[in-house]
Amino acid sequence: MNTSKLKKIAISESGFIFDPSTGISYNSNEMAITIINLLNKDRSEEEIIAKIMEEYEVTHDAIRRDLEYFLTQLKNLHLVS
Amino acid sequence: MSIDLSKLECTVAVTGLKTGDNPQPGTPVIRCLRDAGFKGRIVALVYDTLEAGIFVEDLADDIFVMPYPSGGSEVFLQRLDYILSQVKIDVIIPTLDSEIINYIRLEKVLNDRGIKFFLPTEEQFQARDKTRLNRMFDELGIGVPKSFFCTDAQELYNIAATITFPFFIKGKLYEAYEVYSLDDAFDIFGKLKAKWGLPVIVQQKVYGDEFNIALVGDGEGGMLGMIPQRKLIITDKGKGFGGVVVDNPELKEFAEKVIKTLKWRGPAELEVIQNATGEIFIIEINPRFPAWIRLSAGAGQNLPAIDLMMALGLPVEPMTEYETGTIFIRHSEDIISHINKFGTISSLKELHNKEVK
């Protein structure tokens, strides 16, 4: 997965995301920021799932489903490819 | 690096002080000069006695009503000579599309009167005209939406058969409307023809992210400064009432290519669209600062201050850095003044907020 664009976005602690190349901004939650930070460290999907399961009481299937949905959103927003 | 105008002793005239729903750039240009510490005299040249900037405290030191550009150069010079008998003017920064060409053509005459400015040549000015942009840039590989010049209804009918709805119909000088049907197209064509004359421009809509770039060209193919922004708030008239400064290397490269091609001298605003595949199209090149120009000073590149320095022939280092994420939000508020002020400008066609020596 190409995350070069994701690495350039600015994320505030409140979850506000600003893409400096397009000027578009988004609101996100704590989980989204966690995932983006892990993607920016070039972690694989399995590594991200494992990390989230360490911190939250969720099943592997549930987090995989949510992660896939979130990655699709990032792709649609052209933040990853 | 910011420009400091605090030691500059000169008088600057700026045109266009409307600040309503379709604001003119004059007021923000003056604000930029003051932001750079300029303490010299500012003369506002207006066309309408109810331009809101006239009534803003501490904006212009003198205000003069000017004849409309369509009145011709003789009337303009008569009025200018009267103004010069009242106050000295060293530099004029014109900000309205319709007046720029007159200033360009009168450059020598104005220079002889001691007035300078930093504007494009007539050749550069004509090259960016909506009616020529398509031809010139297409050949140079600079993206321009498919455009047609239309002089009658039959032609419009034929053009509409070759492109897809929606498309834009644009006046020769001002105004653009998106149309979704042939009925709309004929209606808008008639209105724009009556208002701005022929040809009327028909332009295919390009889908993508819209950006505006304010800049000052050095006249030799380079840029002295450039601020790109994305509109955050767009009014029903299509005016940006809020925007954010972006950092997009592709936009910068595109602007550099356009300005190098034109060898543009002076202020300009590029209106561009970047589609989903990253391709950039030029929609318009305005030969003046935009109404949102104060954002340039806020982001660290005071473009009107650069323009003033260049007009005076002072050295300017090209600016390349700016603060991405700087935003502007335009607000409107009521200015409290007195009818006497309106009375003075209406009857005398001039108003002085500072003593005339």
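Just so it is clear, none of the values below were taken in a lab; they were calculated from the coordinates. Keep in mind the model is a prediction, meaning the values are calculated, not measured. Reconstructed Cβ throughout: ideal geometry from the backbone, glycine too, with neighbour counts over all protein chains shown.
How far is helix B:249-262 tilted off the main Cα axis of chain B, in degrees rounded to 10, range 0 to 90?
It is inclined by approximately 80 degrees.
Arrange the following residues from fewest to most other Cβ atoms within 10 Å of their Cβ: B:Asp218, B:Asp236, B:Asp307, B:Asp138.
The fewest-first ordering by Cβ neighbours comes to B:Asp236, B:Asp138, B:Asp218, B:Asp307.
Quick one: which residues, 5+ away or cross-chain, put their amide H under 5 Å from the amide H of B:Met223? H built at 1.01 Å from N.
B:Asp218
How would you rank B:Thr15, B:Thr235, going from fewest to most other Cβ atoms within 10 Å of each one's own Cβ? Please list the in-between numbers first.
Values: B:Thr15 25, B:Thr235 13.
The order, fewest Cβ neighbours first, is B:Thr235, B:Thr15.
Can you give the FRET efficiency to the nearest 0.05 for B:Ser2 and B:Ile163, using r as the Cβ-Cβ distance and R₀ = 30 Å?
Values: r = 46 Å, r/R0 = 1.54.
Efficiency computed from Cβ-Cβ geometry: 0.05.
Round to a whole angstrom and tell me the spacing of the C-alpha centers of the range B:183-238 and the range B:279-293.
7 Å
Find how many whole Å separate the alpha carbon centroid of the range A:34-69 from the alpha carbon centroid of the range B:40-118.
Centre-to-centre (Cα) distance: 64 Å.
How large is the convex hull of the Cα atoms of the protein assembly as shown per residue, expressed in Å³ as a whole number?
Working: hull volume 77.5 nm³, N = 438.
That works out to 177 Å³ per residue.
Using the beta-carbon distance between B:Asp183 and B:Ile335 and R0 = 41 Å, what value does 1/(1 + (r/R0)^6) give for FRET efficiency, to the nearest 0.05?
Values: r = 42 Å, r/R0 = 1.02.
Efficiency for this residue pair is about 0.45.
Assuming 0.36 nm per residue, please report the length gained on full extension of the stretch B:Lys205 to B:Val356 beyond their Cα-Cα distance.
On the way: separation 151, 0.36 × 151 = 54.36 nm, distance 5.18 nm.
Value of the extension gain: 49.2 nm.
Among the listed pairs B:Lys205/B:Lys231; B:Lys205/B:Lys252; B:Lys237/B:Lys354, which have their C-alpha atoms separated by more than 26 angstrom in this model?
On the way: B:Lys205/B:Lys231 18 Å; B:Lys205/B:Lys252 23 Å; B:Lys237/B:Lys354 36 Å.
The answer is B:Lys237/B:Lys354.
Looking at the range B:140-232, what % of the alpha carbon pairs are farther apart than 15 Å? Walk me through the numbers on the way to the answer.
Values: 2808 of 4278 pairs.
Result for the distance tail: 66 percent.
Among B:Ser85, B:Ser332, which comes first, second and so on when ranked by fewest other beta-carbon atoms within 10 Å?
Numbers: B:Ser85 8, B:Ser332 11.
Fewest to most other Cβ atoms nearby, the residues stand as B:Ser85, B:Ser332.
List the equivalent ellipsoid semi-axes of chain B in whole Å, largest first, each obtained as the square root of 5λ for an eigenvalue λ of the Cα gyration tensor. Each step should come with its number before you reach the end.
Values: eigenvalues 223, 117, 78 Å².
Each semi-axis is √(5λ); the values are 33, 24, 20 Å.
³J(HN,Hα) across the range A:42-53 via Karplus (A = 6.51, B = -1.76, C = 1.60, θ = phi - 60°), whole Hz, x for Gly/Pro?
6, 6, 6, 4, 5, 5, 5, 4, 4, 5, 5, 5
Given 10 Å bins starting at zero, what is the percent of C-alpha pairs of the range A:6-76 in each, up to the one with the largest pair distance?
18, 53, 25, 3
Å³ per residue of the Cα convex hull, for the range B:207-329? Show your work: numbers first, answer last.
Working: hull volume 11.8 nm³, N = 123.
Spread over its residues, the Cα hull of the range B:207-329 gives 96 Å³ apiece.
Can you give the helix-only mean residue ellipticity at 222 nm for chain B, where every DSSP H stretch with n ≥ 4 adds -39500 (n - 2.57) and the sum goes over all residues, rounded to the nearest 500 deg cm²/dmol? Write down the numbers at each step before the final one.
On the way: 12 runs with 118 residues, N = 357.
The helix-only estimate for chain B comes to -9500 deg cm²/dmol at 222 nm.
Would you work out the relative contact order for chain B, in percent, from Cα pairs under 8 angstrom that are 6 or more residues apart? Before the final figure, lay out the partial values.
Details: 702 pairs, mean separation 71.6, N = 357.
Result for chain B is 20 percent.
Give the calculated FRET efficiency between A:Arg65 and A:Met1 to the nearest 0.05, with a Förster radius of 22 Å applied to their Cβ-Cβ distance.
Details: r = 18 Å, r/R0 = 0.80.
With R0 = 22 Å, the Cβ-Cβ based efficiency is 0.80.
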